[in-house]
Structures are given as structure tokens and as C-alpha cells.
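Scroll down for the structure; my scribbles are underneath it.
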């Protein structure tokens with residue numbers, strides 16, 4: 001017999017808003033000192049990755065326009081390691097999802113996966129860089145700065161520095177980094193490998209992007225190669241302070257509507273769900289670190305992820321439709337290259353959302369499932385509007401940053417037993 005479900009209500013997190021940014025004017029201002037130093041006809045590789053970054057196409061377009069106006073000859077270089085199935089076609093398709101196409105930008109995309117070794121780190125790790133990047137007169141990488149999914153740091157995460165190592169390294173470079181990092185640590189090897197790349201390749205710098213809790217562009221800054229490591233640390237601290245989070249520290253069941261590579265390198269961000277890419281415990285007695293998330297149900301994949309379901313292994317349950325939509329090849333290549341096979345493991349799955357929720361509520365070992373603390377989110381980037389169960393109502397008192405937008409009501413399902421879309 002299926003136990004009753006808790007009632008849910010819509011909730012808004014009142015995250016601070018940042019002033020709107022004039023993308024074109026900001027990119028022009030930030031890159032002006034660099035472009036003033038370029039010689040006519042200089043071939044500039046502009047590295048672009050596989051994340052769903054707000055205003056990415058506009059930022060890339062403004063960058064290419066400015067480079068052309070300075071007399072340079074820019075081209076786009078997919079800088080995304082093993083993503084897109086580690087094929088030129090797959091990486092080109094990922095860029096197209098974000099509006100990064102030759103037709104839209106008026107610039108060629110050079111998508112070769114060929115790399116060459118440019119040196120060794122002091123620790124003995126080989127360093128690889130894209131041949132197309134090496135042939136260029138200058139390299140500029142564009143990436144969002146945010147905490148990394150695989151390690152914790154106060155000064156370094158995902159950003160231009162990481163893109164030099166994993167993005168420009170293509171599959172070979174990504175694999176070499178992860179092998180070294182598994183033994184010596186992620187942060188240490190990111191710094192060590194990136195320093196070799198900065199010494200041996202014509203890196204001009206990076207364009208760092210910071211987003212706020214609403215997934216909107218808060219800042220765009222050029223980080224010259226000579227200052228890349230220290231300047232990115234400044235952006236990282238700002239980005240870390242602006243990261244969105246779940247509204248409550250105790251969650252019995254987290255329902256995630258979609259995961260994907262455009263959302264996070266891990267499909268869903270471990271910094272939000274507090275589960276690591278190398279595995280997790282579901283022992284109710286051992287979960288201590290806030291936020292405590294006891295069960296996670298993932299419902300589907302984003303279209304932009306092209307079937308790459310990395311991160312599904314961090315969930316306790318999923319749907320048959322997600323499993324059917326999963327591209328095992330791209331998922332396995334990504335998870336094995338990053339040495340995170342746990343992330344590709346398929347959890348128990350059910351034909352309908354209704355059954356998945358019912359079964360997971362049963363595993364909470366609670367006498368009254370209607371009192372379970374349930375949070376439903378679209379994805380780990382979209383946390384300003386969520387749904388939560390009525391057990392949280394007493395916790396709203398004194399929290400001005402949270403506003404209930406509706407009265408508690410029964411969960412609604414369509415004729416097939418799947419949840420109705422979030423507003």
C-alpha cells in the first residue's frame with residue numbers, strides 16, 4: 001500500500017540581485033588593453049567550454065568582434081576535455097546548443113581533438129595541449145568561475161585556469177590531469193599543469209565570468225596570463241559568496257527535475273546536494289554535514305547534455321525515461337576520463353514519478369510520510385523558485401529571505417503518473 005504524500009507549496013528564495021551588465025561594453029572595456037597589443041593578422045584561439053553559461057553567446061560574439069576590429073583573425077576552439085563523447089562532431093554539437101556556430105559568429109570552429117605534449121610537471125605528470133591552440137599566435141579562454149565539483153578550495157575551482165588544463169588538453173590532457181590529481185590532489189595538479197601551459201604556450205589570458213544566485217551575469221573580467229592565478233582567486237571568492245543553496249539544512253527527499261553537463265560538470269552540483277562524485281552514504285544515522293539530504297530522486301536530463309547522464313550515480317532513484325535517454329558511450333567516456341565511475345552508475349529506476357517518490361519515502365523509515373521534508377528543484381542552478389513540503393512551514397518564521405507563494409496542496413501528476421511541471 002502506497003503511503004500518502006506530503007502536501008507541497010511554492011517557495012521563493014529572495015536572493016540579492018546584481019545590477020544588469022552591459023555585456024558588449026564590459027567585454028570591450030576588459031579586453032581593450034590586450035587587443036591593443038595584438039599584431040595585424042594574429043591568429044587567436046578563443047576557448048569555449050560545455051557549460052550552460054548565461055550570455056555565453058553574447059560574450060563570445062563580443063570577444064570575436066573586438067578581436068576582428070583589432071585586426072586579428074580569431075577562431076573558436078572547443079575547450080571541454082572529453083565532453084561530447086570526445087569527438088569533434090560531439091563537441092561542435094555542444095557548442096551549437098549555446099548558439100556558438102560558425103554561421104552565428106562569423107568565425108571558424110576548429111574542433112580537432114589532436115594534442116601534443118608540451119612538457120612535464122615537477123611531479124612527473126605529462127602536460128598536453130590542443131595542437132590547434134599551439135599553432136595560434138595567442139590563446140584566450142572564456143569560462144565561468146565557480147567552486148569545483150570534485151574538490152574544495154578557498155581560492156581555486158572551475159574557471160579559466162582549469163580550462164587551460166582540462167579544456168585545452170582535450171581528452172588526453174583531461175585524463176592525464178585526473179590520473180595525477182587522484183594521487184596528488186586536484187588543486188595541486190591544476191596549478192602545476194597550468195603553470196607549465198602558461199610557460200610553454202602563447203596564452204594571452206582568460207575571460208572570467210561570475211554569475212549570481214539567479215544564474216545571471218554579475219561580472220566579466222579579463223585576467224592577463226601573468227596575473228591569471230592570483231586574479232582568478234579574487235573572482236573565485238566572489239563567485240563562492242554568490243552561489244545559490246537549498247533553502248533548508250535538512251531534506252528527507254530532494255526531487256531534481258533535470259541534470260546535465262550544461263548545469264554542472266557533475267550533472268548536478270555536489271556543492272548544492274552535498275554528495276561527492278566519488279560516492280556517498282545513504283545511512284540515515286551517519287548523515288551529519290549540513291545540508292543533510294537523505295534521498296535524491298532525479299527525473300530527467302537536459303536536452304543540452306545530449307544523453308550524457310554523468311551524475312546520475314549520486315541519486316538514489318531515477319526514472320525509466322531517463323535511463324532510456326541516457327547515451328552510455330558519452331556518459332562512460334566522461335566518467336572514466338575523470339576517474340569518477342560512481343557518477344555513471346544507474347540507481348534503481350521506476351516507470352513513473354509517483355512510484356519513485358512513494359518508494360523513496362518508504363526508505364526514510366518514518367511513521368508519517370506526510371510529514372517528510374521534501375524539496376523539489378528544477379536543477380542545481382535554478383534555486384530561486386522551488387517547491388517544498390508543508391513540514392517546512394514552521395521554519396519560515398523569521399526568515400525574510402523566504403516567501404511562500406501558494407498554500408500547501410497535493411502533489412499533482414499527469415495521466416501517466418509523472419509530476420506536473422514546476423511553474
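The values are calculated or read from the model by the stated rules, or taken from the named source; none is laboratory data. What you see is a predicted model, and the numbers here were worked out from it, not measured in a lab. All Cβ positions, glycine included, derive from the backbone under ideal geometry; neighbour counts span all protein chains shown.
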- Message: Can you tell me how many residues within the stretch 363-387 are over 17 Å from residue 264 (Cβ atoms) and in contact with a helix residue (DSSP H, G or I) (Cβ under 9 Å, 6 or more places away or on another chain)?
- Response: 7
- Within the stretch 313-340, residues within 26 Å of residue 185 (Cβ to Cβ) and in contact with a helix residue (DSSP H, G or I) (Cβ under 7 Å, 6 or more places away or on another chain) come out as 313, 314, 331, 332, 333, 335, 337, 338, 339
- Note on the structure: Taking the stretch 264-289 and keeping only residues that are assigned to a loop (DSSP other than H, G, I, E, B) and either modelled with pLDDT of 90 or more or within 27 Å of residue 52 (Cβ to Cβ) (or both), one is left with 264, 265, 266, 267, 268, 269, 274, 275, 277, 278, 280
- Mind checking which residues of the stretch 148-169 are out of contact with any strand residue (DSSP E or B) (no Cβ under 7 Å at 6 or more places or on another chain), in contact (Cβ under 8 Å) with a residue 24 or more places away in the chain and in a loop (DSSP other than H, G, I, E, B)? 149, 150, 151, 153, 154, 155, 156
- Of all residues making up the stretch 38-59, the number that are at pLDDT below 90 and either in a strand (DSSP E or B) or more than 19 Å from residue 110 (Cα to Cα) (or both): 1
